[in-house]
Structure formats: structure tokens, C-alpha cells
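Okay, so here's the structure we're looking at.
Throughout, read-outs are computed from the coordinates displayed, never taken from laboratory work. All values reported here derive from a predicted model rather than from experimental measurement. A quick note on method: Cβ atoms are made from the backbone with ideal geometry, for glycine too, and the neighbour counts reach across all protein chains shown.
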Amino acid sequence: MLAVATDTQDYPRRRGKGIYLLPNLLTTGCLFSGFYAVVAAIDQHFAHAGMGVFAAMIFDTLDGRIARLTHTETYFGKEYDSLADMLSFGVAPGIVAYQWGVVRIAEYGHHWDRFGWLACFFYVAAAALRLARFNARSAVADKRYFEGLPSPSAAAIVAAFVWFFSDWHEPGLTGLIAAFVVTASAGALMVSRFAYPSFKQFDDRRIRFVYMLLVLLAFVLIAIDPPTMLLSIFGTYALSAPLLWAGRRLRRLVRGAPPG
């Protein structure tokens, strides 16, 4: 006589199809926010464009974490997320910088106009290369670090810079050049080999607690003055890897220098 299993553990619960939609809905939120940033920049609403980019960052952070938490990671979701990132953190910041600065800088001559849109295109191309490299190496990459500045962080720098200076109706040639240098530099850091901490893995509970406190403090400061604090936070993160690399090189040179 066959025994009838009565324990519910003998029958694995089938995961509902609806749970797989949640990460993709969040990715759609990221895509919508990036599209909104593009439309806002075209309409000359640069503060709203900056808000759109940062809203996309929030959705982008949530979709991956929710997918891992619910074990609903799929190849489709990965590809969809990458396409949404390209719009929100590649195309949108480039258009925001273009709309804010190229029209103004063109008044100083045709060569400045060309410099402006080339800087914006370089940023967009660098974002595409960064995302392609990330996808190609994700299986073997060290999860503790990013190779090159992550595209959301680069987008945050460009969006925050334009948002911060959006009140400048006449920033002048110096301010416009600075905007495009920042845009091009963010693009160069994306395709660089600098190692940036990913903050994804924390084995020590004390470290996780400190990290949570720092995140809470960052949200409080951002609420006080969003463009200033966002530019400061992500600018510091972007410069941290090159400065650490330069510091290590300098220490090696000092140690290898002859005494006296």
C-alpha cells in the first residue's frame, strides 16, 4: 500500500507568474524616468530632467535587488534592464547636457558648438561600451568591484551638474566648457579600468549597519539640497578611484626612490 504524503514540504510550491512581472515593472519605471528626463530636457525643464535621472537610478537599484530577493532573475530581465539603462543613463544625460549647453556655447563660435555635441556623443558612446563590457564580463567579474565608473553614477554626475547650474541663464563660456568637460570626463571614467567598490557584499554585520547609517544620512542631506548633495556624493565617488590609484603610484615611487 502506497503512503500518501501529507506534509506540504513534499510538494514544492509553484511560483506564481505574477512575481516575475515585479522586477520588469520596476525596470519599466526606470525606462519611463529616463524618457521623462529626455522630454523635460527638450522642454528646457532641466531641474525636472535631473529628477528623472535620479528616479531612474532608484528604479534601477530596486529591480535588481527585488529580482535577487524573490529569485526571479531571468535572461529576459537582464537584457531589458540593460536596454533601460542605456536610455536612462546613456542617452538621457547626453541629451540633458546637449540641450542645456550646446545652444548657448554655439553663440561663441561654430567650433565650440562642435566641441559640445561631440562631448555629449562621447558620453553616450562610452555608456554603451560600459554596459556592453559589464554584460560580457558579469559571469567572471569580481562582485565586490565595478570595472570603470558605473553608468548610473556617471549619469548622476552629469544630471546633477546641469541641475545644479540650471539657474544660470548665462553661465558664460567657462561654465559651458566645464559642463562638457565634466560630461566627457564621466564618459572616460566609465570606460576606464579603475576599480570602484560595488557595495553589494557585506559579510560583517557591523559593516552593514554602518553602511545603512551612511545611506540614511545621505538621504537626509539630499532632501535638504538635492542637486548640491547629489553632485558632491557622486562626484566624490567618481574621483575616489583615480585618486586612490594615483596615491598608490606615488607611494610606490617614494618607496623605490633612493635614500637622501
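How far apart, in nanometres, would the label points at S82 and V254 be if each is projected 7 angstrom from Cα along the Cα-to-Cβ direction?
Label at S82, label at V254, 4.3 nm between them.
Just want to confirm a number: the relative contact order over the stretch 61-192, from Cα pairs under 8 angstrom separated by 6+ residues, in percent.
RCO, the stretch 61-192: 35 percent.
Efficiency by 1/(1 + (r/R0)^6): what FRET value for L239 and A218, r their Cβ-Cβ distance, R0 = 22 Å, to the nearest 0.05?
Efficiency for this residue pair is about 0.85.
Could you check the simple spin-label distance between A246 and V181, using points 7 Å along Cα→Cβ, in nm with one decimal?
1.3 nm
Taking the number of other C-beta atoms within 10 Å as the exposure measure, put V162, V220 in order starting with the fewest.
If I rank by nearby Cβ atoms, fewest first, I get V220, V162.
Taking other Cβ within 10 Å of each residue's Cβ, how do M57, M51 sort, fewest first?
Placing the least packed residue first, the sequence is M51, M57.
Cut-off is 10 Å between beta-carbons; in what order do S185, S33, S151, S198 appear when sorted fewest neighbours first?
Neighbour counts put them in this order, fewest first: S198, S185, S33, S151.
With a/c under 1.5 counting as rounded, go ahead and sort the stretch 87-246 into rounded, prolate or oblate using the C-alpha gyration tensor (a ≥ b ≥ c being the square roots of the eigenvalues; past the cut-off, prolate if a/b is larger than b/c, else oblate).
oblate
Determine the gain in length on full extension of the stretch D225-Y145; use 0.36 nm per residue of separation and subtract their C-alpha separation, reporting nm with one decimal.
Fully extending the segment from D225 to Y145 adds 25.9 nm.
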